[in-house]
Structure formats: C-alpha cells, structure tokens
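Nothing in this text is a laboratory measurement; each read-out follows from the coordinates by a stated rule. Model, not experiment: these values are computed from the prediction. Because the Cβ atoms are built from the backbone with ideal geometry, glycine has one as well, and the counts that use them run over all protein chains shown.
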Amino acid sequence: MGFFEQYRVLLRKDLTREFRSKEMLSSMGIYALLVLVVYGAALSQTSKGLDILQMSGGLIWALIVFTSMLGLNRSFAFEKEQGCLEGILLAPIDRSTIFLSKATSNCLFLLVVELITVPLFAFFFLGGVTLAPSWPLIVFPLLLGSIGIAGVGTLLSTITLETRGKDVLLAVLFVPLLFPLVYACVAATTGCMVGSEGFMTTYLRSLLLAGGYDIIMLSLSWALYDFVISA
Amino acid sequence: MGDKRTGNAGIYPAVGTWADTLAPILLLLALLLTTIGFVLSFIWAPPVYGASVNGVEVIGGQVVSNVLLISQKIFYFHMPVAITSFLALVAAAFFAVRFLMTREARFDTMSRVCMEIALVFVIMTMATGVMWTRFEWGVWWTWEPRLTTYFILMLIVIGYFILRNAIDDPERRAVYAAVLAIIAFVDTPICFMITRLVPSSIHPVVLRQGGGMGVSMIVPLLMIMFGMVMLGFALYRLRLRSIVLEQKCDALTETLEDQRESA
C-alpha cells in the first residue's frame, strides 16, 4: 500500500467510527452549546450599547479552543481503550501517516462542530447587530485555525495519552502553545466581522501569520511524531 | 566519561571536568560582576527621562509629568536576566535534539537542568518586567508583545515540568520532554512575531524618544550581562553535578537492596 492508500484507510476508519458512535461530535457539540449558555449569563448584565461585534471574534475563538480540547482528549482515548492503537502500530505503516490521518480527522470534526456553533453564536448574540459585508471571509481564519489546532493538538494528545491527569495536562500544554495562532485568528476574525476601514491589512497579515504558524508547527509536529508514538 | 564500574556510558553527564572546576569560580565572579554592575548603574549611569506622558498623570500615587526615572534601573537587571533565560532555553532545546538523536540519558538530564535554569530566569524576567510596566507605563499588566511572549513562555516551561511529573516511565518521560522542549523553542519566537506583527489599535505603543546609550550605561549593562550568563552557567553545572550524584546514589542504593534481597 502506498502512502495515500494507507492514509485513506486510516482516515476512513476514524470517520466510520465517528459516524457510527457520534461520540466525539455529540460531546463537542453539547459542550459548545453549554459554553454559549455561559456566555449568555456572562453578557447578561452588559448595557445595550455594548459593541458585541468587537468581542465576537474573541468569544468565537474561546469557544473553539475549549471545545477542541474536549475533542482532542477523546480522539486517542478511544483507540487506547479498544487496543486499536497497538494494532495500527504493529502494521507496517509509516508513523507520520498515522499523524496525518489523525490530524485530518480531528480537523474535520472540529470544522463540523464550528459549522454548527458559529451560526448558533450569531443566532444568540449577533441578532441585533449588522455585520460588515465582509463577514463571509471568517471562513479562512476558521479554516487555518482549525488546521493548526488539529495538528499541534494531535501531537499533544498523543503525548498526554500516557500521563496521569491527562485532561488537565493537555490544557496546560495546549493553550500556551496555541496562543500565537489564536491571537492571529482572533485578529483576522474580528477584522472581517467589524469591517472597519483598512481592515484588509489586518486581516491579510493575520491570515499570513496564522498560515506561517500552521506550516512551521505542523511540519515540526509531523517530524517529531515518530518519536512520540514509538516511545 | 561514563561509569567504569557499571559500564553505563551515556547515562550520566560527564562531571568533574574543567567545567565543574570552573563553576564555583564563575559563580564568585558572577556575584562580583553583577554587584559592581548594579552599584555602577546607580552611581555612574545617568538617570533617564521617562516615557513622556500627556500633560500630568498620576502613576503609582505620584504626580508625573516627565520625571527622571529611578525605575529605569530595573532595566539593568531585566535585560541580562532575559537574555540568560533565552540562552538556557536554547541550550535545553539543543540537548533535547541531541537526546532524540542519541537516546543517551545524560542529554535528557542536561536538557532538564537547562530548563530549570530557564524557569528561574524566566520568572525573574517576568517579575522585573511587571515592575517595569508598573512604573514606566503606569499599569501592572498589558498584553504587549514581549510581556505576552514571556508570559506564554513561562507557562510552557511550567507545563514542561508538570509533564515530567506526570510520567513514570523514565524513557518515555525523556522523549516527551525532549519533544516539548523543541516545540517550546520554536513556538516562542513565533509567539513574539505574531503578537508584534498583528496590527492592533487598542494597545498603546510606548517608545522612548531619542534612545542610545552612553558608555556609562553600556559598561554596567555589559558587566551585569556577563555576570548573569556566568551565573546561569555556574548554576547549571552545580545543579547538574548534584543531580548526577543523586542518580548515582540512587543506583547504588538499588543495587545494595537487590543484593540484600538475594542474599
């Protein structure tokens, strides 16, 4: 089997499993909904004049970061419980292929969850405000952010899989390492949603930086994954 | 290198070499240099005008228009400490790479000790940095690129030790820690670049007008800088030596216990 064949098989395995159990998607979706409920309470005492639009980019990304952590914690736990990971490691498959397929499936699940929760966020909080006409551009920061989160997150969730208190440990490593990416994505998201004058400069530069982060950190994670999974 | 008796080459870092002979001397020299540097920075280097404020403002309960800042002296401590912490981080990443290449346990120990030194100096940098923002910019905290980067770096280094504590298997712990050290090393500059390059209209940009340093400022600064780097290196060697002794002691205890059990 060539690389693509292996990659496709592994990816299909993840997708099929998720399609049958819907374990990750449902838990991530419900968690995201609960975060939105907490937002509702958190913002309930703010004045009507509050410019929610300026905060919305940050709120969306806080939602995504917390939700993705939940999913990443689950993504390898399942393999571990059923002894699937050992089976994969026994098969003559390049280790980096495992990383790529796992990162892809994590990214896909995250994108599906975003597809549901971002419109929900708009429904709950952005009803009374007019978005800038450039708002559809939010797709690109969401895409780049999800790719980076899935890539670095896959490596980190593999690391924390074998540790004590793994849920907390993932958060401890995940949030600081992802900080630059989130920073850039928030800038791009807010920029295109508010659409103030000259936002295109901020938007494009943030996207460029997020893309740079993705390329560097993904190649690094990809290169280091062999060590981690074989340890 | 390596212990002849047990034949465990590569397990223990080489200690007792020239570096360890040098370490106590360097420590003394570092103490001297930094102390003299600090004294000089107060008595020789001229006071500096603070960042100009619009009109008159109250900073730290003090009415300020454009004062001679004694708080600028923090800089003489802050910058050398920051540079030393960065060097320690570079060394930690270097030894982490060496570990992944050779899988020799001594590189893991060296990387870990470098991380410990980095943590000490990063925390000192943060403490002085926060003092600096308080007295120079009038707030305790602002999400300014350098400050943010160091805060994130501090969290990652703390995370490194939490990770180490959470794994029992020494081999696995070493690999994971090495991987994290490398990622941290790459992530930190990216963090600085991104927080700096993403344009923002909210954060105040405070820059000192008309910079440049005279000899009376550079000399104390360089003295403290060399002193701090020496201090970092000396601490590294001393700590490494004590850890190696500890490891050898543990190994001996284990062997003796095994012998007693079998006897």
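Taking a label point 7 Å from the Cα of A:SER27 along the Cα→Cβ vector, which residues of region A:124-158 have an amide N closer than 20 Å to it? Only A:149-158 pass the distance filter. Answer with one residue from B:PRO220, A:THR130, A:GLY195: the one whose Cα lies farthest towards the positive end of the charge dipole of the protein assembly as shown, charges on Cβ with Lys, Arg +1 and Asp, Glu -1. My answer, from the dipole projection, is B:PRO220.
Calculated on the alpha-carbon coordinates, the convex hull of region A:157-227 measures out at 79 cubic angstrom per residue.
Determine the relative contact order of chain A: mean sequence separation of Cα pairs under 8 Å and six or more apart, normalised by residue count, in whole percent. Rounded, it is 27 percent for chain A.
Taking the empirical scaling 2.2 N^0.38 Å for compact globular proteins as reference, the protein assembly as shown has a Cα radius of gyration ratio of 1.12.
Straight Cα distances below 24 angstrom link B:LYS248 to the lysines B:LYS4, with same-chain residues fewer than 8 positions distant left out. Exceedance of the 30 Å cut-off in Cα-Cα distance is limited, within the set A:LYS48/A:LYS166; A:LYS22/A:LYS48; A:LYS22/A:LYS166, to A:LYS48/A:LYS166; A:LYS22/A:LYS48.
What's the average, rounded to a whole number, of partner chain beta-carbon atoms within 10 Å of each residue's beta-carbon in A:164-175?
3
Taken over chain A, the convex hull of the Cα atoms encloses 125 Å³ per residue. Over region A:32-108, with a single point scatterer placed on each C-alpha, what log10 of the ratio I(q)/I(0) does the Debye formula yield at q = 0.28 1/Å? One equal scatterer on each Cα of region A:32-108 leads to -1.33. Among the residues of B:187-196, the average count of other protein chain beta-carbon atoms within 10 Å of the residue beta-carbon is 6. Spatial offset of region A:157-231 relative to region B:96-139 amounts to 22 Å, using the alpha carbon center of each. The mean number of Cβ atoms from other chains found within 10 Å of a Cβ in peptide A:200-206 is 2, as a whole number.
For A:LYS102, the aspartates and glutamates whose Cα falls under 14 Å of its own Cα, not counting residues fewer than eight places away in the same chain, are A:ASP14, A:GLU18, A:GLU79, A:ASP94, A:ASP226. When only the Cβ of Lys, Arg, Asp and Glu is charged (+1, +1, -1, -1), the dipole of the protein assembly as shown relative to its Cα centre reaches about 420 debye. Applying both filters, DSSP loop and at most 16 other Cβ atoms within 10 Å, to the chymotrypsin sites (Phe, Trp or Tyr not before Pro) of region B:112-206 gives B:TRP140, B:TRP141, B:TRP143.
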